[in-house]
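Colleague: Below: one structure in structure tokens.
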Ligand code: BDR
Ligand code: CA
């Protein structure tokens, strides 16, 4: 048995974030050692509440930390409650009282502490706006030499954007932080819309998973995905045909567990931080030297996912979530 990979999950939960979290908890090759939170799909306070709730429902005690409440430079926008629900989990009708305390450190400090404690072992999987990673780089400029690798869900190279013709939501939400992450010089993989728009997951898959487990965690996920699928099915004809949704964030874990399903291309990626192209991830796809400022040879390369084997990817997600992985929910003690 190989040792599971230590992961810090940096997230704005969020329905596909919840899917991703449960995939990571279910997969024997991954060990989630902590959760960093950020604004994005919800305000950061809600992101924290959701991270604590989702882990407690699955019976897991995992450090949850409070992260960025707003972008580094640009003005914050209202969260997209029409995609994820006002609570980020598809407007749950009620929540059971759960146990679980917050780690007092900021998400950035937690990332730095863990990277120093386990040099060369930590994989950062970031599926929201990237302010926590940018803040961690400021706290510890040597961070790129301490972590094993970074995988982020965000951006688009050949595919159109989902919040503007060229921008993907996570990068749009904090373009300055994203550019700092793309230029930091750590082993970095980008899982953007080029692949996430190739993976449409049917709502029926999450119903089957919930029916199989008969557990509050997968019931909650099914409820959340039903709301989220409603949005995508109404707005995208290809998704509407099967009543489903894009799995976006879960693919950031699938690329770690099943890299053979992806085709990657290496190149420099920079982010447009303002103007009409704000939030665009621009990739240098030709192996030539450009003399222009910002594109010099010392800018590090990113591994960008360009293609994914959709059916195999869906099968891996299904098989993983069908495993026997949940424990008894951690409920609050009542008198
Ligand atoms: C990304 O934006 C968020 O809404 C999703 O959770 C995902 O991380 C997709 O563009
Ligand atoms: Ca997300």
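Colleague: Looking at 157, 151, 125, can you tell me which residue is in a loop (DSSP other than H, G, I, E, B) and touching a residue at least 60 places away in the same chain (Cβ under 8 Å)?
Modeller: Details: 151 fails: in a loop (DSSP other than H, G, I, E, B); 125 fails: in a loop (DSSP other than H, G, I, E, B).
Answer to the selection: 157.
Colleague: Within the set of pairs 6+ apart or on separate chains, which have a first residue in segment 226-242 that is without any contact (Cβ under 8 Å) to a residue 60 or more places away in the chain, a second that is part of a loop (DSSP other than H, G, I, E, B), and C-beta atoms under 7 Å apart?
Modeller: Filtered contacts from segment 226-242: 229/243; 233/243.
Colleague: Checking the condition crowded, with 18+ Cβ neighbours inside 10 Å and within 16 Å of ligand 1 (Cβ to nearest atom), which residue from 163, 147, 191 passes? Give the derivation first.
Modeller: Working: 163 fails: crowded, with 18+ Cβ neighbours inside 10 Å; 147 fails: within 16 Å of ligand 1 (Cβ to nearest atom).
Exactly one of 163, 147, 191 is crowded, with 18+ Cβ neighbours inside 10 Å and within 16 Å of ligand 1 (Cβ to nearest atom), namely 191.
Colleague: Of all the strands (runs of 3 or more DSSP E) wholly in segment 242-335, which have at least 1 residues that are modelled with pLDDT of 95 or more and over 30 Å from residue 144 (Cβ atoms)? So that I can check it myself, show each step before the final result.
Modeller: On the way: elements: 244-246, 262-267, 269-271, 281-283, 302-308.
The qualifying strands (runs of 3 or more DSSP E) are 244-246.
Colleague: Another question, if that's okay. Exactly one condition in (1) over 13 Å from residue 128 (Cα atoms); (2) crowded, with 16+ Cβ neighbours inside 10 Å; (3) under 19 Å from the mean Cα position of the chain (by Cα) is not met by residue 43; state its number.
Modeller: (1)
Colleague: Give just the number: which of (1) within 14 Å of ligand 1 (Cβ to nearest atom); (2) over 16 Å from the mean Cα position of the chain (by Cα); (3) over 26 Å from residue 134 (Cβ atoms); (4) not in a helix (DSSP H, G or I) does residue 227 not satisfy?
Modeller: (4)
The values are calculated or read from the model by the stated rules, or taken from the named source; none is laboratory data. Owing to the predicted nature of the structure, the values given are computational and were not obtained by experimental measurement. With ideal geometry, Cβ positions are generated from the backbone for all residues, glycine too; neighbour counts draw on all protein chains shown.
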